[in-house]
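None of the figures in this text is laboratory data; all of them are computed from the coordinates on show. Treat the numbers as computed from the prediction; the structure is a model and nothing was measured. No Cβ is skipped: glycine too gets one built from the backbone with ideal geometry, and neighbour counts run over all protein chains shown.
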């Protein structure tokens, strides 16, 4: 049975906060518990839309006193739907939207409810940016805490590599600052260990000059998949840090299938134009949107393909190399897709990501050059089981070529969290979890149970 809180507790919770409290059966409750992934249907005991840090502290203390687990909602975009949990007290940070830019120091301080599109809007007023997600409606919080890969990562590292400090409400209800000089163990854990260690109410990021990149997508017929993927591999291995390529076998506009490459070049040496020409020479181009564009436009270019409410199940695997056998498996797997919306994509790592020492952050995988992900996407709950099986079967075929690791931000509901970390890294995270959240109050996340003393 799903735990609930009684009427007196509900009234007390409302009296403790300035923000809105949504309760089961009340107006706004069903909307408040919805997240981006339509597969997720959970019923929390309450959703607290925090108006400020004081609301977060009060709610954590309220939940801790009653032994109620806490779920943390930043953007609510995580594929596993960890922003809500049955019987939990959800702390919704959506009203914490402040973004303050210090252009002289190239730093930005942003609230825990900020989305990347909102962050980019503020920082681009100064011609600056931080590495963020490739879908701009993602929250800065969840993406950064899990690592945070995006178009700028090969040049400037993961989002977590650009985190300078964080304000965190711990399980005891204490507000602490985590940085290289303050609570460094917590700071290490926050950079890749997910939402296990507290509620991050503010993030301070390093900023970098980025103005009008060359960006866009070039799409080819599905029959050219192997040829395009081979060209993508060769160009990716030659690319400087300024050039990022992503590829995918994916649905076509006409209802069939296609192969596509997304290009981002933030340099000034014409490398992107040369790579684009190399793709165009393959012929039979169906779509070509590559052009100079505002950074915010590049960040938002695939948003339309990932609307809220679709049903998602993902599997991912890090790879050191891309072989023709992997391309054959991708093409074969997509050909047997149960849903016309399914896709298989490859992200290119390396560059600045690989130059960070492997033990510097909780996010590892610094030796992987590629991340291959199978995205099962549909609007039909009747095929959920088939969709999950499709992604898992395809992943099993890819697994022999992988490093054995997975990206924690791409783990779906019920997947093995340990697979995102080496044994030593997982044990270190569990020890830090025991220090900051010994009762596992924050367990609606990619959970790392506290180490036993």
Task: Projected label distance in nm at residue 291 and residue 109, using a 7 Å step from Cα toward the beta-carbon - done: 4.0
TODO: Go through 59-68, 359-368 and give me the packing order, highest mean Cβ count within 10 Å leading.
DONE: 359-368, 59-68
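Under the classification rounded if a/c is under 1.5, otherwise prolate if a/b is larger than b/c and oblate if not, where does the chain fall, given a ≥ b ≥ c as square roots of the Cα gyration tensor eigenvalues?
prolate
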Open item on the list: Taking 8 Å as the Cα distance limit and 6 or more residues as the minimum spacing, I'd like the relative contact order of the range 122-232 as a percentage.
Closed with: 28
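Grab the beta carbon distance between residue 282 and residue 98, set R0 = 45 Å, and tell me the FRET efficiency rounded to 0.05. Walk me through the numbers on the way to the answer.
Numbers: r = 47 Å, r/R0 = 1.04.
Efficiency, from the Cβ-Cβ distance: 0.45.
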Open item on the list: Please compute the modelled spin-label separation between residue 230 and residue 308, points set 7 Å along Cα→Cβ, answer in nm with one decimal.
Closed with: 4.5
Open item on the list: Please compute the length gained on full extension between residue 268 and residue 413, using 0.36 nm multiplied by the number of residues separating them and subtracting their Cα-Cα distance.
Closed with: 48.0 nm
Task: Estimated distance in nm for a label pair at residue 392 and residue 359, the labels positioned 7 Å out from Cα along Cα-to-Cβ - done: 3.6
Task: Among 174-183, 73-82, 372-381, the order from most to least packed when residues are scored by Cβ within 10 Å on average - done: 73-82, 372-381, 174-183
Task: Cα long-axis angle, helix 53-66 against the chain (0 to 90 degrees, to the nearest 10) - done: 70
Open item on the list: Can you classify the range 107-159 as rounded, prolate or oblate using the Cα gyration tensor, where a ≥ b ≥ c are the square roots of its eigenvalues, rounded means a/c under 1.5, and otherwise it's prolate if a/b beats b/c and oblate if not?
Closed with: oblate
Task: Chain lengthening between residue 43 and residue 424 when straightened (0.36 nm per residue, less Cα-Cα) - done: 133.7 nm
Open item on the list: Compute the helix-to-body angle for 423-436: its Cα long axis versus the longest principal axis of the chain, expressed 0 to 90° and rounded to tens.
Closed with: 30
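Can you bin the range 254-380 into rounded, prolate or oblate? Criterion: square roots of the alpha carbon gyration tensor eigenvalues sorted a ≥ b ≥ c, rounded for a/c under 1.5, prolate for a/b above b/c, oblate for the rest.
Values: a/c = 1.43, a/b = 1.09, b/c = 1.30.
Cα axes put the range 254-380 in the rounded bin.
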Open item on the list: Please compute the contact order of the range 214-410 in relative form: average sequence separation of alpha-carbon pairs under 8 Å and at least six residues apart, divided by the residue count, as a percent.
Closed with: 26
Task: Cβ crowding within 10 Å averaged over residues, with 23-33, 105-115, 325-335 ranked highest first - done: 105-115, 325-335, 23-33
Open item on the list: Relative contact order of the chain, please, whole-number percent, based on alpha carbon pairs below 8 angstrom and at least 6 residues apart.
Closed with: 17
- [ ] Kindly provide the helix-only [θ] at 222 nm of the chain, computed as the sum of -39,500 (n - 2.57) over DSSP H runs of four or more divided by all residues, to the nearest 500 deg cm²/dmol?
- [x] -8000 deg cm²/dmol
